[in-house]
Amino acid sequence: MHPKLKRCFSCGQYANILFLVFAFFASVYYWSIERHNLELVPLEIAAYTVETGGFIFMLFSILNFHKIVRHRYIMKTAMMIYLITEVVIMILDFNADKFDFFQSSSMALNIGHSIFSGAILFTYLSLEPKNTSLEWAIIISEIIILAGMFGVVFHLHVYATLFANSIAYVVFFSIMRFLLSQERIMIDCHGDRARVAKYRSDFFDDQV
């Protein structure tokens, strides 16, 4: 196993922990506006600062996957698309007053965000196909993501699905770190020594 492989999952875990904090800050911010018509600017600044930190950790995770893990081009591309999409959503939300078409409480946006996040998570199956532990890690995380779609029933902001997605990915990356520590998943990486089987015939030995 590559000595730096765990870094891929650690950075992903830290990124989503920061996204959890961001989702909490953002929820409190919007709650203060809706209930008390009060904009907590320092909280808004803190929220987007934390989210930016999450994006930085996510980028580190993606770059490490590209540098360390062999192949898995679909997964790596999907991860980059996910990062770009989340950044775009953040920019649109930050400038919501300038974009009339963007509604963070939109049912379509919340459902689409959950389905999109779930689809990205499925690409991690390529890390080691037919590994039961990996499959269960993804199933558990997918259930959490889909549960986040219930936020549309209450017309919550997209942060409701972001909160669920972040929990799901924290759980997933935590399980992956555990599986790696227990060597219950084997991911081929750049620099790994190839396993070469040497065969020797004993036919001529019998002729002596």
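Laboratory data are not the source of any read-out in this text; all were calculated from the coordinates shown. In this text, all values refer to a predicted model and were calculated from it rather than measured experimentally. Using ideal geometry, Cβ is built from the backbone for each residue, glycine included, and neighbour counts are taken over all protein chains shown.
Shown here for the range 65-122: trypsin sites (Lys or Arg not before Pro) in loop regions (DSSP other than H, G, I, E, B) with at most 16 other Cβ atoms within 10 Å, namely 70, 98.
Backbone phi angles across the range 11-21, fed through the Karplus curve with coefficients 6.51, -1.76 and 1.60 (θ = phi - 60°), yield HN-Hα couplings of 5, x, 5, 4, 4, 6, 5, 5, 5, 4, 4 Hz in residue order; Gly and Pro are listed as x. When only the Cβ of Lys, Arg, Asp and Glu is charged (+1, +1, -1, -1), the dipole of the range 5-185 relative to its Cα centre reaches about 860 debye.
For residue 69, the residues whose amide H sits under 5 Å from its own are 190, ignoring neighbours fewer than 5 places away on the same chain, with H placed 1.01 Å from N. The trypsin sites (Lys or Arg not before Pro) of the range 111-187 that meet both conditions, a loop assignment by DSSP and at most 11 other Cβ atoms within 10 Å of the site Cβ, are 130. Students often forget the sequence filter, so: which lysines lie under 28 Å Cα-Cα from residue 67 once same-chain residues fewer than 8 apart are removed? Here the lysines satisfying the reach criterion relative to residue 67 are 4, 6, 76, 130.
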